[in-house]
1. For the chain, what mean projected area does the convex hull of the alpha carbons give, in nm²?
2. What residue among 174, 344, 255 shows peak mean-square fluctuation when the chain is described by a Gaussian network model with Cα springs under 10 Å?
3. Normalising by the residue count of the chain, find the relative contact order in percent from Cα pairs under 8 Å and 6+ residues apart.
4. Count neighbours as other Cβ atoms within 10 Å of each site's Cβ, and list the GluC sites (Glu not before Pro) in segment 229-298 that are DSSP loop with at most 11 such neighbours.
5. Per-residue HN-Hα couplings for segment 317-327, Karplus 6.51 cos²θ - 1.76 cosθ + 1.60 at θ = phi - 60°, whole Hz, x for Gly and Pro?
6. For the chain, return all DSSP H helices satisfying: extent of Cα atoms along own axis at least 20 Å; mean Kyte-Doolittle hydropathy at least -0.5.
7. Would you please give the FRET efficiency between residue 309 and residue 134, computed as 1/(1 + (r/R0)^6) with r the Cβ-Cβ distance and R0 = 22 Å, to the nearest 0.05?
8. Debye sum, Cα scatterers, segment 112-233, no solvent: what log₁₀ I/I(0) at q = 0.10, 0.15, 0.19 1/Å?
Amino acid sequence: MSIIADDNDFLNTKPQEKKNPVVKTDANDNDRAFENSIRPKDFNSYIGQSNLLKHLKITIEASKKREKPLDHILFYGPPGLGKTTLAGVIGNEMGVPVKITSAPALERPRDIIGILMSLEENQILFIDEIHRLNKVAEEILYPAMEDFFLDMTTGKAQTVKTLRISLPKFTLIGATTKAGELSGPLRDRFGIVHRLEFYSPDELSKVIKRTAELLDIEIDEKSAYAIAKRSRGTPRIANRLIKRVSDYAIVKNDGKITEDIANKSLDILEIDEFGLDNTDRNLLRLIIEKYDGGPVGIETISAAIGEDSRTLEDVCEPYLLQCGLLQRTPRGRKVTPETYRHLGYKILNSNQQSLF
Ligand code: ADE
């Protein structure tokens, strides 16, 4: 049988080089390139997720003392919270290279076989969106994860032979926004499973100040906090907003970012004080105006506002749920009294009198 050369090689990095520990390209290449250039590379520069970091530090130290690769790790949680970044940090802290791919790039058996066979001893393989792995790829992964071998068949009918190939010991880090969609057998093969949490405004403020320093942008405490509050708990969004605010400051205030300049530029971007954008507000308004507050199914919402249901579920919903503006029920999505208040609606009682 022939093994196809690994075409993900450009994603490899040697952590010792202390350049970008990870490189990943997808739909939004500009944003990704920027993100990669400012990723923290070790525990010291990583902000937030303190419980998770505590746990990881112990696991890494134990693995080094035992001189064994780390257990396989599954990170789950909303997008933009640093799952890929953490894989790079772990690689650097372990002193091993990280190879990055995503489940949609592993469509054919030879994709996953090729990548497994190209690994070096103790290397980390990071698979993003791992819930999207197909059944065949999953079955190839099971023995690879458990006992570090591949079972391959060659020939046809009566001449079929099974070939067992050993692999170097490696650590798989899987990342998903949808832990519930992972098959049971795959989930069970991860020794360590962690949920990444939304960041507090204080943590995001630190992320913003760190990024500003790397970009040579001057920013004070209050302005950083103003941006942090509207970054919906997500470093990826905070890092994008600092650039937009800086552009605005260059045009309107000789490059000086003040709290007022930060707030004005975020108003222009139509990001409100909860960090909601137009898509979030359209979703909530639709439920209020057309469905009397809900419940209504996600597919109906998706068709009505013209936004992909996956984006709504993966990107919009987790934050709206977290800040109490949306609820999931067995019959669909519902808004809360807080949603009416936030969007400036009045809730009327049966006598048509405002309840607040
Ligand atoms: N940039 C993005 N995520 C970060 C984090 N958790 N810590 C520091 N900088 C970041």
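Read-outs throughout are calculated quantities, based only on the coordinates presented, and are distinct from any laboratory measurement. Note that the structure is a prediction, hence the values are computed from the model and not measured. Note that we place each Cβ from the backbone using ideal geometry, even for glycine, and neighbour counts take in every protein chain shown.
1. Values: hull surface 86.9 nm².
Spelled out: convex hull of the Cα atoms, projected over all directions, averaged, 21.7 nm².
2. Maximum among the listed residues: 344.
3. Details: 566 pairs, mean separation 51.1, N = 356.
With pairs under 8 Å counted, the relative contact order is 14 percent.
4. Working: sites: 259, 270, 273, 289; in loops: 270, 273.
Passing both the DSSP loop test and the Cβ count: 270.
5. 4, x, 6, 5, 5, 4, 8, x, 9, 8, 10
6. Numbers: long enough: 50-66 (24 Å, -0.61); 235-252 (25 Å, -0.15).
Sorted by number, the helices that extend far enough and score high enough are 235-252.
7. Numbers: r = 21 Å, r/R0 = 0.94.
So the FRET efficiency works out to roughly 0.60.
8. For the requested q values the scattering log ratios are -0.52, -0.81, -0.99.
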